[in-house]
Amino acid sequence: MVVDRVPTILAEPEWRVEGHLKVTGAARYTSDLHLPGTLHARFLTSPLPHARFRSIDASAARAVPGVHAVLTGGDIGPRRFGKVLYDQPVLAHDRVRFIGERVAAVAAESLEAAEEALGLIEVAYEELPAVFDGEDALRTDAPMLHPDAADYYYAMGDRPPVPHPNLQGYRVHQKGAADLAPLFAHAHRVFEHVYYQARQHQGYIEPHACIVWIDEQGIVRVYSTNKAPFALRQSLAVVTGLPAQQFVVESMFIGGDFGGKGLSIDEYPCYYLAKAANRPIKSVMTYTDELGTANPRHGATCYLRTAVDERGRIVAHESRVYFHDGAYAAGRPLAGPILDGWSALDAYNVPNARMETFVVYTNTVTGGQMRAPGASTTAFIGESHVDEIARGLGMDPLAFRLLNAVRPGDTGASGDRMRNPRAVEVLEALRRETDWGKPLPPHHGRGVSLRSRDVGGGKAAVTLRLLEGSAVEVLHGAPDQGGGSATVMHRITTAVLDVRPDRVHIRYAATDEAPPNPGAGGSRLTRILGQATIEGATHMKRRLQQLAAEMLGWPADGVRLQGDQFVLADGSAAPVPFDNVADRMLRGGAVETGGSYDSAEHEHEDGADGGFCAYMVEVEVDPASGAVRPVDAVLVADVGTVINPLAHQGQLEGGFVFGMGNGLMEELRIEDGKVTTLSLGDYKLPTVADVPPLRTVLLVTDTGPGPFGAKAAGELTNNAVAPAYANAVADAVGVRIRTLPITAERVFEALRGRPAPSERGQSPF
């Protein structure tokens, strides 16, 4: 729905509507809940990366006092879960495919009894050949990890064919010339590089947790940390064979997400434990479980080749990106727009391109979604590659970007035509706002990066109701996982209705009451939920004005609700406070309206572009140790309309810190298939002591696809941080780090001419 003006109230900062609950400790998270009779679930996991079961004996475990149920894959059968491709067993059935895969489940009166029972389960394995690298998994002699893949359920119809059995998904995208070989052969210069992305964990503080119980009517009630309750309900229905309406899923407050809370793992075995024990079942992961068995960011190996002409303009581009996904595809959709190599050069005018993406099974922990899945990796490789091209040509890196940046009517590497791109504006603003080009002290360097980010889409709906006490309730089904969507809805409703903020109440409800919603993810909630709220609030305002006209005897076409009172447009009657009329409206029955939004119906609206951002960061590098010290940072962001300045600034700053961790320190190390960073002492997250001064410059327009022209914020700004640091390190000490994260160890080795062990660098072109 199009609204002609941006309400002035949006310029005023507002505290989070649920903030008081969180700071006072009143907010209830899933792990806080305890239902009468609840049993505790724990899981036996595989010590091997790939093995076939020879035998499983759980008889001794079942005899432990306090144990009510012990299940193995043999009890459940080959039931599998997932988001699109249902390939991960609820419990390992005939084999295990990664260290940490769940083999057996125990429900007991206490965690101690459950752990004792796990220690008594005897499993005999026949070890099988394992493969840990995606490229190795595609060799002709590689072990086949999923021989029964033809039986897997694919939620989107017929599964697209793949050229190798160890491929989860494969995509190729080509634009411009069908044959790129002549363009590379006759180019002025050709640049070719290979980059690597380590696995990384989302780093949320609250671990995955759930409670599952079956009530007296046979309704399965699920409390979960999952941020997409309707998707979880549908997945549970597919796995169990029960109707979706037999499940009621309610997500509690979610203590951090960053992509990882879109996957549920333990809800499925907990359902079968609840069925076997006839008691509520509770599971809370330890952080060792989280780091070792959940769904981290994929590792990746990425090959890029780009041809330029004499002026430095990009002529052609090729990429081949291998995502080392792990044992299962359950954690996210297959290769596609959400996990793809297309976007590496999407901020640039690329007339000819061929880009291949391989998402590969390996015998490692299953990969999932992490804040802009795939895009963070492609931002690093694309912006590092662009910087290397500029320096190889002897051009200023900022000038090279300005020369090649997309302009209105251009298409990025992915082929999407840009209607109103602001890449040039953000780069020019960055140059104005920084000391770019000014000499720096020894061992200091500056790095620049440019990035675009679309705003996610989907369908969403809300219900608005007039309540007693002259209040308006907005009912929805999308849990707020930390992004502030409830506050966005509150501000929009207040602005459209033009009533006092304290009259508006935002209520999240479970799947049996709320209208359907795809859940948080892809920077989409402000767009889809916000637009649905605008429509619902507009309908409510019209309905309230109509009822007020009837009650007051005023002409219907002249009544306005503004400033928390009803007025006549011609001023012929005294204003009537909202309180004086609203409660009387309910005497005639419920006052309820709905609003909905489907982004697919609005994809071709003029001006509905995503956003652009650019960073300049400064670092100091210690040549003796390789340590990188962030010194300064400037962010210029094309943000559209800001709905809540306070929360929006938090998203920008949070995106920067998140990206800094990605770029400089966070690494989920895996050795022979085993995660070795199994605590937050080993897995380093950035703290306030690591963060340099950050200055943000906002380019505000009303051209975004969100409410009043809003665009994405957090995922726009976190992706471009890591490449800016890679480029700054190269500027400071003259070595290029092509593996994330850019640790002191990697810089130290590079300064001494020793490449990282992972960097094989064998060109596929």
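The values are calculated or read from the model by the stated rules, or taken from the named source; none is laboratory data. Remember, it's a predicted structure, so these values are computed and weren't measured experimentally. All Cβ positions, glycine included, derive from the backbone under ideal geometry; neighbour counts span all protein chains shown.
Looking only at strands (runs of 3 or more DSSP E) that fall completely inside segment 556-646, which ones have 3 or more residues that are surrounded by fewer than 24 Cβ atoms within 10 Å (Cβ to Cβ)?
The strands (runs of 3 or more DSSP E) meeting that bar are 559-562, 565-568, 592-598, 628-640.
Every test in (1) outside any loop (DSSP other than H, G, I, E, B); (2) in contact (Cβ under 8 Å) with a residue 60 or more places away in the chain is passed by Arg16 save one, and that test is (1). Of Ile742, Ile643, all but one fail to be outside the structural domain of Gln531 (by TED's automatic domain parsing) and over 24 Å from Gly521 (Cα atoms); the exception is Ile742. Can you confirm whether Asp435 is assigned to a loop (DSSP other than H, G, I, E, B) and surrounded by fewer than 24 Cβ atoms within 10 Å (Cβ to Cβ)? Spelling it out, Asp435 is indeed assigned to a loop (DSSP other than H, G, I, E, B) and surrounded by fewer than 24 Cβ atoms within 10 Å (Cβ to Cβ). When Ser283 is tested against (1) surrounded by 24 or more Cβ atoms within 10 Å (Cβ to Cβ); (2) not assigned by TED's automatic domain parsing to the domain that holds Ala69; (3) not basic (Lys, Arg), only condition (2) is not met.
Do we have Asp435 as touching a residue at least 12 places away in the same chain (Cβ under 8 Å) and acidic (Asp, Glu) here?
Details: touching a residue at least 12 places away in the same chain (Cβ under 8 Å): no; acidic (Asp, Glu): yes.
Considered against the rule, which asks whether it is touching a residue at least 12 places away in the same chain (Cβ under 8 Å) and acidic (Asp, Glu), Asp435 comes out as no.
Of the strands (runs of 3 or more DSSP E) contained entirely in segment 55-164, those carrying at least 3 residues that are among the small types (Gly, Ala, Ser) and surrounded by 15 or more Cβ atoms within 10 Å (Cβ to Cβ) fall at 102-108. Scanning segment 375-417 for residues that are at negative phi, surrounded by fewer than 21 Cβ atoms within 10 Å (Cβ to Cβ) and either of a type outside the set (D, E, K, R) or part of a helix (DSSP H, G or I) (or both) returns Arg391, Gly392, Leu393, Met395, Ala399, Leu402, Leu403, Pro408, Thr411, Ser414.
Kindly provide the set of residues from segment 528-579 that are closer than 22 Å to Gly709 by Cα and aliphatic (A, V, I, L, M), ordered by number. Reasoning before the result, please.
Our first condition is that a residue be closer than 22 Å to Gly709 by Cα; within segment 528-579, this holds for 528-541.
Hits for segment 528-579 are Ile528, Leu529, Ala532, Ile534, Ala537, Met540.
Evaluated against (1) over 19 Å from Glu601 (Cα atoms); (2) part of a helix (DSSP H, G or I), Gly521 falls short on exactly one condition, (2). Among residues of segment 469-487 that are charged (D, E, K, R), those with a Cβ under 6 angstrom from a residue that is part of a strand (DSSP E or B), sequence gap 6+ or separate chain, pair up as Glu473/Arg465; Glu473/Leu467; Glu473/His505; Glu473/Arg507.
If the condition is being among the charged types (D, E, K, R) and within 30 Å of Gly457 (Cα to Cα), then segment 560-597 contributes only Glu592. Taking segment 158-187, which residues are under 16 Å from Ala330 (Cα atoms) and small (Gly, Ala, Ser)? Across segment 158-187, the qualifying residue is only Gly169. Per this entry, Gly241 is counted among residues that are over 27 Å from the mean Cα position of the chain (by Cα) and either at positive phi or among the hydroxyl-bearing types (Ser, Thr, Tyr) (or both).
Of the residues that make up segment 93-113, is at least one more than 21 Å from Val365 (Cβ to Cβ) and without any contact (Cβ under 8 Å) to a residue 40 or more places away in the chain? Talk me through it step by step, then tell me what you get.
The first filter runs over segment 93-113 and keeps only residues more than 21 Å from Val365 (Cβ to Cβ), leaving 106-113.
Next cut, without any contact (Cβ under 8 Å) to a residue 40 or more places away in the chain only: 112.
Yes, that holds for at least one residue.
Of the numbered criteria (1) touching a helix residue (DSSP H, G or I) at 6+ places or on another chain (Cβ under 9 Å); (2) over 30 Å from Ser523 (Cβ atoms); (3) at pLDDT 95 or above, the one Met540 fails is (2).
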